[in-house]
1. Going by Cα centres, segment 204-270 and segment 1-74 are how many Å apart?
2. Where the convex hull is taken over the Cα atoms of segment 283-348, what is its projected area averaged over directions, in nm²?
3. For a distance above 25 Å, tell me the whole-number percent of Cα pairs in segment 242-353 that qualify.
4. With the crude spin-label approximation of a point 7 Å out along Cα→Cβ, what separation in nm comes out for Thr247 versus Glu7?
5. As a test of the formula, what do you get for the chain when each DSSP H run with n ≥ 4 contributes -39,500 (n - 2.57) and the sum is divided by the residue count, at 222 nm and rounded to the nearest 500 deg cm²/dmol?
6. Quick one: what Rg and Dmax do you get for segment 54-152 from the alpha carbons, in Å?
7. Binning every alpha carbon pair distance of segment 121-195 at 10 Å from zero, what are the percents per bin?
8. If you take the square roots of the eigenvalues of the alpha-carbon gyration tensor of the chain and sort them as a ≥ b ≥ c, do you get rounded (a/c under 1.5), prolate (a/b over b/c) or oblate?
Amino acid sequence: MAESRAERLWTPEFLSMGGTNFLVFLSQYVMVAALPVFIMDSLGGGEMEAGLAMTFFQAGTVFCRPFAGRLIDGVNKRHLMRAATALFLFIMIGFDLFHTEEGLYGLRFAHGVAFAIVTTAAAAMAAMVLPLTKKGTGIGYFALSTNLAMVVGPFIGLVLIGNLGAEAFFAFMIGIGVLTLLLANARRLPDEVVLPARKREGVHLSDFVAKEAIPPSLIGGLVFFAYGGIITFIPLYAKSLGLSSETSIFFAVFAAVIVLTRPVVGRIFDAHGADFTVYPGYIFFAVGMIVFSQAAGVIGLLVAAAMLGVGFGALSPAFQTMAVRSVPLARSGVATATYFWSLDISVGLAAVLLGFVVSALGYAMLYGIVGVAVIVFSALCYFLWRRLRAGGTKAA
């Protein structure tokens, strides 16, 4: 029997939002790799100036994320997406026009603001067009757009700035802006998705943070804290092992494993509930961290990448799905913003706090002891939260 449209996963609307998310995340990861090189080589900045470009982006994202949720749920999402993606395009054009450190810092802050709005809106609307019985599978596939951008973005950025120069780099960013504007607005989403929920009088904390989504968001944030330690320090860790050239292979294996396991993980989540994906995910992630801490050659590095990919690929979409399912459909934007806000803060804290661990104790202690301790603590929090919640084995 043919599947009804209401039960379809791969709808044009879902693909449109996934593609939009990929392009906006791609803009960030291309910038992460290429912009520091441009600042140091073309503007004469140092490592501190190059690092500030990332700091201003994170500041814009963290500042805007909770407001993004309220905005998304309170206005017509179709109009908001048009305005936000148009702003995103203008920011990409601005990078080609303002070649001063101050100009780039201002644009990076604005980039973070647009990034927060567009990615939150795309994730919320993608979740809203998914059938209830396939939310776990669908959000898992949607998360692949982020993972793929993470892998190909730095590679594209380094090729552009290293081989083709700054002009090609900035032209590429404008191209991303144009494609994002077209793709995000190519499909007319249903009114029940884009029209705002009934507004309440006054301003309430729940307009910015979905309290129901806080537990899965905080627990997922602990996972991303551990993951932040990997992506922040792996270039230096690999260099210390004499494996700098294998760093790109690590991320390729990491992403490939997520892509290969995601369909299975999503179906298990939808069929049997969160516990059947989260607990195995924790085990794979913890063991992967231990293998990562003891890697002495390329084989160990790639085995760790595969195990971390299975674990992270199971945990990340599971907590996002639980956050979205915790609220009514009309509040998907605030729930999604709450989840992403927790991740933004967690990854930012990881870069700062785990840097002290590396300086004092080294990489083996960071990944083998601290990383595993964070994962075990996260698993304990998840277990206690599940025990405290009323209901069955499936996440609400």
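1. 15
2. Taking the Cα atoms of segment 283-348, their convex hull projects to 5.2 nm² on average.
3. Counting every Cα pair in segment 242-353, those more than 25 Å apart make up 31 percent.
4. 4.8
5. On the way: 13 runs with 304 residues, N = 396.
When only DSSP H runs of four or more count, the value is -27000 deg cm²/dmol.
6. Reported Rg and Dmax, both Å: 15.0, 50.
7. For segment 121-195, the pair-distance distribution reads 16, 34, 30, 16, 4.
8. Values: a/c = 1.59, a/b = 1.08, b/c = 1.47.
In terms of gyration-tensor shape, oblate.
Readers should treat all values here as calculations from the given coordinates under stated rules, not as data from a laboratory. Because the structure is a prediction, the values reported are computed rather than measured. All Cβ positions, glycine included, derive from the backbone under ideal geometry; neighbour counts span all protein chains shown.
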